[in-house]
1. Give the number of residues within segment 1-23 that are modelled with pLDDT of 95 or more and surrounded by 13 or more Cβ atoms within 10 Å (Cβ to Cβ).
2. Does residue 35 qualify as being part of a helix (DSSP H, G or I), under 13 Å from the mean Cα position of the chain (by Cα) and either surrounded by 10 or more Cβ atoms within 10 Å (Cβ to Cβ) or on the phi > 0 side of the Ramachandran plot (or both)?
3. Looking at segment 1-24, I want the residues that are more than 15 Å from residue 79 (Cβ to Cβ) and have a partner that is part of a helix (DSSP H, G or I) and at pLDDT 80 or above with Cβ atoms under 7 Å, at least 6 apart or on another chain. Which pairs are those?
4. Taking the condition over 18 Å from the mean Cα position of the chain (by Cα), assigned to a helix (DSSP H, G or I), modelled with pLDDT of 95 or more and surrounded by fewer than 12 Cβ atoms within 10 Å (Cβ to Cβ), does residue 84 pass?
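The values are calculated or read from the model by the stated rules, or taken from the named source; none is laboratory data. Note that the structure is predicted; figures quoted are calculated from it, not measured. Quick reminder, even Gly has a Cβ in these numbers, built from the backbone with ideal geometry, and neighbours come from all protein chains shown.
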């Protein structure tokens, strides 16, 4: 059941995370500032590396993005599971 739950709500999680990021970009100046700084730091590192390490940096960035996506999905899914568990506990206590 747990794996099927994950498969079923994965598109929901992705859409919700995309929506949250969009809201952050539009309404959270701290997020925008830190995001811009991060991009500049990455560009500085990228421009400083010799050509033979550019591909390694690309692989590193790709791995970090993949890790972040896995982490985001798992955190969101765990929150969903926690909410279901809490709902069930409240329903049991009510009866």
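1. Residues in segment 1-23 being modelled with pLDDT of 95 or more and surrounded by 13 or more Cβ atoms within 10 Å (Cβ to Cβ): 0 in total.
2. no
3. Taking only residues 6 or more apart or on different chains, the pairs are 24/31.
4. On the way: over 18 Å from the mean Cα position of the chain (by Cα): yes; assigned to a helix (DSSP H, G or I): yes; modelled with pLDDT of 95 or more: no; surrounded by fewer than 12 Cβ atoms within 10 Å (Cβ to Cβ): yes.
Here the answer is no, as residue 84 does not meet what is asked.
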